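Chemist: Below is the structure I would like to discuss, written out as structure tokens.
The numbers here are math on the coordinates, done by the rules we state, and not lab data. Fair warning: this is a prediction, and the values are worked out from it, not measured in the lab. Using ideal geometry, Cβ is built from the backbone for each residue, glycine included, and neighbour counts are taken over all protein chains shown.
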Amino acid sequence: MAPIPGGGLADEPTRLGFEDLQALLNLSTALDWPHTEVDWRTILLSGIVYGVRAEGGGLGAPILACAALFPYGEGMCALGMVMVASGARRRGLGRRVVERCLAARPHDGVPVLLASTVEGEPLYRRLGFATVGRLEKLLHDGPLPTASPALPAGWRLGPHIAMADLIPVLRLDRRVFGGARDGFLKHRISQAAGAATLFDAAGRLAGYGLAVRQGDLLILGPIAADDDRAALALSTALAAGHEGPLRIDVPAGHTALSDGLQGMGFRVADRPPLMARGMTALPAGGWAGYAAIAAQAFL
């Protein structure tokens with residue numbers, strides 16, 4: 001990418017809004033990040049986005065750097081969408097937008113989680129983050145085999161999230177994720193190309209999952225289920241009928257799920273670190289019931 005016009009910078013990172021949507025989309029597209037306009041709408045609805053504009057700093061100016069903070073209740077935040085234009089690197093912009101996001105936490109003691117890139121890891125370590133886990137980024141060229149793993153007797157899959165299921169889904173997500181991200185999930189459900197629910201023999205919600213499109217790519221996640229076999233069944237239900245490529249990001253420790261997906265033709269493309277500031281381990285028992293993240297931006 002050619003350097004962005006305008007050599008000067010705005011004095012401080014600025015809170016960005018929907019009037020900056022096109023500039024944010026231009027930045028992510030220039031960096032070959034696959035985010036769509038709909039993704040950015042979900043980000044702006046769910047998070048607090050700060051950015052540095054090119055010289056002049058007015059609306060319509062290119063965005064040189066940005067980051068987003070997603071507050072999940074009073075007990076946890078996620079940090080994501082940390083981007084710096086290729087023509088504006090080595091100026092400390094990444095650090096500035098991240099520090100501004102950290103200052104926007106509900107209070108100083110709120111821990112922050114993020115999924116790091118290789119390039120970003122040194123910066124996060126300097127800002128007090130430490131590795132608390134890993135993800136497995138799994139890709140498939142699609143389509144998946146039609147066979148679905150067997151479920152326990154009496155269990156059933158639902159093809160969507162009905163209104164009556166919403167409160168149980170939010171309650172389940174809080175338990176397995178460790179933070180209250182009700183607002184984000186409602187926005188993500190409305191964005192989703194597909195959803196699935198899983199009920200046990202007594203009719204209780206035992207799992208849920210979403211699938212979101214980014215062009216031809218279908219992202220499977222978030223997926224919540226206490227059992228990896230159930231998570232695999234949700235994954236295959238969400239992928240059913242999709243002819244294009246697939247992606248799912250599985251927290252390390254879900255070995256049976258990862259093995260099952262690789263048995264269906266998924267391959268491990270990357271193992272990025274999960275990093276945290278203010279906590280020494282992943283919440284909710286190490287995400288034992290959180291089988292696939294929503295996306296690296298949101299966790």
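Chemist: Rounded, prolate or oblate, given the Cα gyration tensor of segment 14-110, with a/c below 1.5 counting as rounded?
Modeler: Taking the square roots of the gyration eigenvalues as a ≥ b ≥ c, segment 14-110 is prolate.
Chemist: Give the calculated FRET efficiency between R89 and A252 to the nearest 0.05, with a Förster radius of 25 Å applied to their Cβ-Cβ distance.
Modeler: Computed FRET efficiency for R89 and A252: 0.25.
Chemist: Suppose each label sits 7 Å from its Cα in the direction of the beta carbon; what would the A153-F18 distance come out to in nanometres?
Modeler: Label at A153, label at F18, 5.3 nm between them.
Chemist: Can you bin every Cα-Cα distance in the chain into 10 Å intervals starting at zero and give me the percent of pairs per bin, rounded to whole numbers?
Modeler: Per 10 Å bin, starting at zero, the Cα-Cα P(r) for the chain comes out as 6, 28, 34, 22, 8, 1, 0 percent.
Chemist: Which cross-chain or sequence-distant (5 or more) residues have an amide H under 5 Å from the amide H of L218, H modelled 1.01 Å from N in plane?
Modeler: HN-HN under 5 Å from L218: L246, R247.
Chemist: Sort E136, E55 by Cβ crowding within 10 Å, fewest neighbours at the top. Let's see the in-between values first.
Modeler: Working: E136 23, E55 15.
Result, fewest neighbours first: E55, E136.
Chemist: OK, next. 5 Å is the cut-off here: which amide hydrogens, built 1.01 Å from N in the peptide plane, fall below it relative to M279, excluding neighbours closer than 5 in sequence?
Modeler: Under 5 Å from the amide H of M279: V112.
Chemist: Mind ordering 141-153, 171-183 by average Cβ neighbours within 10 Å, highest first?
Modeler: Values: 141-153: 12.7, 171-183: 19.8.
Sorting 141-153, 171-183 by mean packing, highest first, produces 171-183, 141-153.
Chemist: By how many nm would the segment from A202 to L127 grow when fully extended, if each residue of separation counts as 0.36 nm and the alpha-carbon distance is taken off? Can you show the working numbers first?
Modeler: Numbers: separation 75, 0.36 × 75 = 27.00 nm, distance 4.75 nm.
So the chain would gain 22.2 nm between A202 and L127.
Chemist: Using the Karplus equation 6.51 cos²θ - 1.76 cosθ + 1.60 (θ = phi - 60°), what ³J(HN,Hα) coupling, rounded to whole Hz, does each residue of segment 46-55 give in order, writing x for Gly and Pro?
Modeler: For segment 46-55, the Karplus-derived couplings read 9, x, 10, 10, 10, x, 10, 8, 5, 3 Hz, x marking Gly and Pro.
Chemist: Given 0.36 nm per residue, what is the gain on full extension from A240 to D32 after removing their alpha carbon distance, in nm? Present the calculation step by step, with values, prior to reporting the outcome.
Modeler: Working: separation 208, 0.36 × 208 = 74.88 nm, distance 2.72 nm.
Full extension from A240 to D32 adds 72.2 nm.
Chemist: Ok, one more. For a Förster distance of 22 Å, can you work out the FRET efficiency between the beta-carbons of E119 and R175, rounded to the nearest 0.05? Display every interim value, and only then the final one.
Modeler: Numbers: r = 34 Å, r/R0 = 1.54.
Efficiency at R0 = 22 Å is approximately 0.05.
Chemist: Classify segment 195-298: rounded, prolate or oblate, from the alpha-carbon gyration tensor (a ≥ b ≥ c, eigenvalue square roots; a/c under 1.5 rounded; otherwise prolate if a/b is larger than b/c)? Mind showing how you got there, number by number?
Modeler: Values: a/c = 1.61, a/b = 1.11, b/c = 1.45.
Taking the square roots of the gyration eigenvalues as a ≥ b ≥ c, segment 195-298 is oblate.
Chemist: Given axes a ≥ b ≥ c from the Cα gyration tensor, I'd like to know whether segment 130-281 is rounded (a/c under 1.5), prolate (a/b larger than b/c) or oblate. Let's see the in-between values first.
Modeler: Working: a/c = 1.35, a/b = 1.04, b/c = 1.30.
Cα axes put segment 130-281 in the rounded bin.
Chemist: If R0 is 35 Å, what FRET efficiency do you get for Q262 and A193 from their C-beta distance, rounded to 0.05? Could the numbers behind the result be given before it?
Modeler: Details: r = 24 Å, r/R0 = 0.68.
So the FRET efficiency works out to roughly 0.90.
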